[in-house]
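First comes the structure, then the notes that go with it.
The values are calculated or read from the model by the stated rules, or taken from the named source; none is laboratory data. All of these numbers come straight from a predicted model, not from anything done at the bench. With ideal geometry, Cβ positions are generated from the backbone for all residues, glycine too; neighbour counts draw on all protein chains shown. Just the protein is used for accessible areas: all its heavy atoms, side chains included, with ligands, DNA and RNA removed. Shrake-Rupley method; radii C 1.70, N 1.55, O 1.52, S 1.80 Å.
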Amino acid sequence: MNLTVKDLERLQTELQEAHLDYQLELVDGRIIVMGPSDVTSSEVGARLIIFLGGWVMPRRLGRVYDSSGGFILPTENADLRAPDVSFVRAERLRNSPRDFARVVPDLMVEIKSKNDRVNPLKEKIKAFLELGSQVGILIDPDKQKVILLRRGGEENELTNSDVLTITELFPRWELPVSELWPPEFE
């Protein structure tokens, strides 16, 4: 049985009414249930949104979304996916719908939670790239590294001594990789 976005929305409503905090995605007609992220992964995502949003918003380049933003993808089963962080250029999404967006983000980011495995996250990123994303990023807080994947199969690994740039979407934007990690307070 292939489930639809409507089926996912019904389940989401039932979970919310039961005060259960799960994030749902629809992949190949199957609903995938995900629990909340660990706080380190959440903070890494929030830091990236702050740094990226601080560049994007004053320049009106587009829209930055967190892990709750769902995208209906142009797949056979109209998959509904939610990257941890995503960006859509302004000319591709002139306003944010009060619904799931029917667009493939230009940038999608996955942040490895403590229980995630790297290969399924890479496969998710590659699926977005095949559908039209320009850049996919996998952030691994455990190893403190960032893997950039681009259409065409290009893959670059960055560590704390490197600077993250995404020139095809954000000319002149730079972020030292070391700034992604949660600070330790004394």
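Note on region 153-167: residues that are at pLDDT 95 or above, assigned to a loop (DSSP other than H, G, I, E, B) and of a type outside the set (Val, Ile, Thr) amount to 3. Considered as a group, the residues in region 132-152 that are open to solvent by 60 Å² or more (accessible area, probe 1.4 Å) and over 21 Å from ASP38 (Cα atoms) include one that is modelled with the lowest pLDDT, and that residue is GLY152.
Residues checked against (1) in contact with a Ser or Thr (Cβ under 9 Å, 6 or more places away or on another chain); (2) part of a helix (DSSP H, G or I):
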{"position": "SER41", "(1), (2)": "yes, yes"}
{"position": "LEU48", "(1), (2)": "no, yes"}
{"position": "PHE51", "(1), (2)": "no, yes"}
{"position": "GLY54", "(1), (2)": "no, yes"}
{"position": "SER68", "(1), (2)": "no, no"}
{"position": "PRO74", "(1), (2)": "no, no"}
{"position": "PRO83", "(1), (2)": "yes, no"}
{"position": "PRO97", "(1), (2)": "no, no"}
{"position": "VAL104", "(1), (2)": "yes, no"}
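Might you check whether a residue that is aliphatic (A, V, I, L, M) and free of Cβ contacts under 8 Å to residues at least 40 places away in the same chain occurs anywhere in region 165-174?
Scanning region 165-174 turns up no residue that is aliphatic (A, V, I, L, M) and free of Cβ contacts under 8 Å to residues at least 40 places away in the same chain.
Determine whether region 22-41 contains at least one residue that is open to solvent by 20 Å² or more (accessible area, probe 1.4 Å), among the acidic types (Asp, Glu) and over 29 Å from LYS143 (Cβ atoms).
Within region 22-41, one or more residues are open to solvent by 20 Å² or more (accessible area, probe 1.4 Å), among the acidic types (Asp, Glu) and over 29 Å from LYS143 (Cβ atoms).
Residues that are over 15 Å from the mean Cα position of the chain (by Cα) and touching a residue at least 40 places away in the same chain (Cβ under 8 Å) do occur in region 98-114. Residues of region 166-184 that are exposed (fewer than 12 other Cβ atoms within 10 Å of the Cβ) and either of a type in the set (S, T, N, Q) or in contact with a Leu (Cβ under 7 Å, 6 or more places away or on another chain) (or both): THR167 alone.
When residues in region 134-152 are screened for being touching a helix residue (DSSP H, G or I) at 6+ places or on another chain (Cβ under 8 Å), in a strand (DSSP E or B) and without any contact (Cβ under 8 Å) to a residue 24 or more places away in the chain, 1 of them pass. Counting only residues that are farther than 16 Å from PRO83 by Cβ, out of contact with any Phe, Trp or Tyr (no Cβ under 9 Å at 6 or more places or on another chain) and not hydrophobic (A, V, I, L, M, F, W, C), region 41-65 holds 3 of them.
The set of residues in region 60-102 that are β-branched (Val, Ile, Thr), farther than 19 Å from ILE147 by Cβ and buried (at least 19 other Cβ atoms within 10 Å of the Cβ) comprises VAL64, VAL88. Return yes or no: is GLN12 surrounded by 15 or more Cβ atoms within 10 Å (Cβ to Cβ), closer than 22 Å to LEU138 by Cβ and polar (S, T, N, Q)? The answer is no for GLN12. Taken over region 79-96, the residue count meeting the criterion of being out of contact with any helix residue (DSSP H, G or I) (no Cβ under 6 Å at 6 or more places or on another chain) and either within 22 Å of GLU130 (Cβ to Cβ) or at pLDDT 95 or above (or both) is 12.
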